[in-house]
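Contents: one structure, followed by commentary.
The values are calculated or read from the model by the stated rules, or taken from the named source; none is laboratory data. Remember, predicted model here, so these are calculated numbers, not experimental data. Here the Cβ is made from the backbone with ideal geometry for all residues, glycine too, and neighbour counts use every protein chain on show. Note: accessible area is taken over every heavy atom of the protein model, side chains too, but ligands, DNA and RNA are not part of it. Shrake-Rupley method; radii C 1.70, N 1.55, O 1.52, S 1.80 Å.
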Amino acid sequence: MTFSVPREAAGSRLDRFVASVTNVSRAELQRWIEAGRVTVNGVVRDASTRVKEGDRVDAQPMERAASEALPEADVVFTELYVDDDVVVILKPAGLVVHPAAGHEGGTLVNGLLARGYFKREDLLQDGRDEHDRPGIVHRLDKGTSGVMVVARTPQAREKLKAQFQAHTIERRYEAIVVGEARDATHATLHGRHPHERMRFTSRVKTGKRAVTHVHVLARLHGATHVSCTLETGRTHQIRMHLAESGTPVLADPLYGKPPKDARLRAIAEQLGHQALHARVLGFVHPRSGKLLRFEADVPADFAEALSLLRTTAG
């Protein structure tokens, strides 16, 4: 594949430019670049090279690679709906969605592979999927439970990704937060924290738009039970917005801290993960065009925390 860099793309990184003109994922392009199969004016360059107007960029695609994740039959999750195109699952807290540094196995993807939800030919790299996350179109954090949809084919994946990018997916969460939350809409910027790189913050000068609608469900002992509806779906968006509004999610190890109230602190320690649950997920089926909507009650440990905080309220 040969491309000439137009004026409007001048100054772009090499990997971003090639991704924009080929629809190949940057993860896959990184493989090509590291193998010396992408050149600028005949010279092998790295991914961060800035291209100039008129540069000739040549890319030689590599042989497609199969998913590197391995099947693991002991991964526990619940299927809510399955057809030839999608599988909707209920993810428990504590389960990582896909392999990554520090979590090479024991993930949802490993469990999906073991249950045969992907055809072998669909696991081959087609320039869009990453090796370790076949079918994944969105994620829930490790400590968050709730409803997720996974694509079973590359075609379904692209159509679902388009819905997430257009923000047309219905997503509603429930959380227990420390302190007295109020009904509010948080419309902010979203970007990586400048000093704590695992966190995100709204206190940035440039970033992506992030909107969360918060509605109070009940007052609790030293806490509030809230519903959070996503208008956008940025990484850690709900956790970030709730923490920066002064009411962090109970037991959030990254955005919160141990509550001063002894009773609340004990319940947080018993819970052991952020009190956040993806309750509702609605989307248009990628093949039929039918609107599908799934709802799952909070898990037992979340419900127990609610019960304990209700009995001590007031």
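Could you check, for segment 103-118, whether at least one of its residues is touching a helix residue (DSSP H, G or I) at 6+ places or on another chain (Cβ under 6 Å), in a loop (DSSP other than H, G, I, E, B) and modelled with pLDDT under 95? Quick ask: steps written out before the conclusion?
Step one: of segment 103-118, the residues touching a helix residue (DSSP H, G or I) at 6+ places or on another chain (Cβ under 6 Å) are none.
No; the residues of segment 103-118 include none that is touching a helix residue (DSSP H, G or I) at 6+ places or on another chain (Cβ under 6 Å), in a loop (DSSP other than H, G, I, E, B) and modelled with pLDDT under 95.
Looking at segment 234-265 only, could you name the residues that are over 21 Å from residue 171 (Cβ atoms) and touching a helix residue (DSSP H, G or I) at 6+ places or on another chain (Cβ under 9 Å)?
As a first pass, look at segment 234-265 and keep what is over 21 Å from residue 171 (Cβ atoms): 246, 251, 253, 256-265.
If the condition is that a residue be over 21 Å from residue 171 (Cβ atoms) and touching a helix residue (DSSP H, G or I) at 6+ places or on another chain (Cβ under 9 Å), then 251, 256, 258, 259, 263, 264 are the ones that fit.
Mind counting the residues in segment 272-291 that are in a strand (DSSP E or B) and open to solvent by 20 Å² or more (accessible area, probe 1.4 Å)? Talk me through it step by step, then tell me what you get.
Filtering segment 272-291 for residues in a strand (DSSP E or B) gives 276-284, 291.
Cutting the leftovers down to open to solvent by 20 Å² or more (accessible area, probe 1.4 Å) gives us 279, 284, 291.
Residues that pass the stated criteria total 3.
Just checking, which of 26, 13, 50, 45 is of a type in the set (Lys, Arg) and under 30 Å from residue 285 (Cβ atoms)?
Details: 13 fails: under 30 Å from residue 285 (Cβ atoms); 50 fails: under 30 Å from residue 285 (Cβ atoms); 45 fails: under 30 Å from residue 285 (Cβ atoms).
Residue meeting the stated conditions: 26.
Pick from segment 244-271 the residues that are charged (D, E, K, R) and under 22 Å from the mean Cα position of the chain (by Cα): which of them is least open to solvent (accessible area, probe 1.4 Å)?
The initial filter retains those residues of segment 244-271 that are charged (D, E, K, R), namely 244, 252, 257, 260-261, 263, 265, 269.
Still in the running and under 22 Å from the mean Cα position of the chain (by Cα): 244, 252.
Details: 244: 48, 252: 8 Å².
Across segment 244-271, the extreme among qualifying residues is 252.
Of everything in segment 1-37, what is crowded, with 17+ Cβ neighbours inside 10 Å and of a type in the set (Asp, Glu)? Give them in sequence order.
Once the filter is applied, which keeps residues that are crowded, with 17+ Cβ neighbours inside 10 Å and of a type in the set (Asp, Glu), segment 1-37 yields 15, 28.
Can you tell me which of 90, 160 is under 21 Å from residue 282 (Cα atoms), modelled with pLDDT of 95 or more and not in a strand (DSSP E or B)?
Numbers: 90 fails: not in a strand (DSSP E or B).
160 is the lone residue from the list that is under 21 Å from residue 282 (Cα atoms), modelled with pLDDT of 95 or more and not in a strand (DSSP E or B).
Quick check on segment 190-231: of everything there that is among the hydrophobic types (A, V, I, L, M, F, W, C) and open to solvent by 60 Å² or more (accessible area, probe 1.4 Å), which residue is nearest to residue 304 (Cα to Cα)?
Within segment 190-231, the first condition is being among the hydrophobic types (A, V, I, L, M, F, W, C), and the residues that meet it are 198, 200, 204, 210-211, 214, 216-218, 220, 223, 226, 228, 230.
Then keep just the ones that are open to solvent by 60 Å² or more (accessible area, probe 1.4 Å); that gives 198, 217.
On the way: 198: 29, 217: 16 Å.
Filtering segment 190-231 for residues that are among the hydrophobic types (A, V, I, L, M, F, W, C) and open to solvent by 60 Å² or more (accessible area, probe 1.4 Å), the one nearest to residue 304 (Cα to Cα) comes out as 217.
Confirm whether residue 181 is within 20 Å of residue 253 (Cβ to Cβ) and either within 14 Å of the chain's Cα centre (by Cα) or assigned to a strand (DSSP E or B) (or both). Write out each step before concluding.
Working: within 20 Å of residue 253 (Cβ to Cβ): yes; either within 14 Å of the chain's Cα centre (by Cα) or assigned to a strand (DSSP E or B) (or both): no.
No: the conditions fail for residue 181.
From the residues in segment 41-84 that are in a loop (DSSP other than H, G, I, E, B), open to solvent by 100 Å² or more (accessible area, probe 1.4 Å) and touching a Leu at 6+ places or on another chain (Cβ under 8 Å), which one is modelled with the lowest pLDDT?
Going through segment 41-84, the residues in a loop (DSSP other than H, G, I, E, B) turn out to be 41-42, 45-49, 51-55, 60-77, 83-84.
Subset that is open to solvent by 100 Å² or more (accessible area, probe 1.4 Å): 45, 52-53, 60, 63-64, 68, 70, 74, 76, 84.
The next check asks that each one be touching a Leu at 6+ places or on another chain (Cβ under 8 Å); those that pass are 45, 64, 70, 76.
Details: 45: 92, 64: 55, 70: 85, 76: 95.
My answer is 64.
Name every residue in segment 292-314 that is open to solvent by 80 Å² or more (accessible area, probe 1.4 Å), modelled with pLDDT under 95 and part of a loop (DSSP other than H, G, I, E, B), in order of residue number.
Taking segment 292-314 as the starting set, the residues that turn out to be open to solvent by 80 Å² or more (accessible area, probe 1.4 Å) are 293, 295, 297, 300, 304, 310-311, 314.
Restricting the remaining residues to those that are modelled with pLDDT under 95 gives 310-311, 314.
Result: 314, single match.
Restricting to segment 201-233, name every residue that is within 20 Å of the chain's Cα centre (by Cα) and at pLDDT below 95.
Within segment 201-233, 207, 208, 233 meet the criteria.
So the check is Cβ under 7 Å with 6+ separation or different chains; which pairs have a first residue in segment 7-31 that's closer than 15 Å to residue 61 by Cα and in contact (Cβ under 8 Å) with a residue 40 or more places away in the chain and a second one that's aliphatic (A, V, I, L, M) and open to solvent by 60 Å² or more (accessible area, probe 1.4 Å)?
These pairs meet every condition: 22/1.
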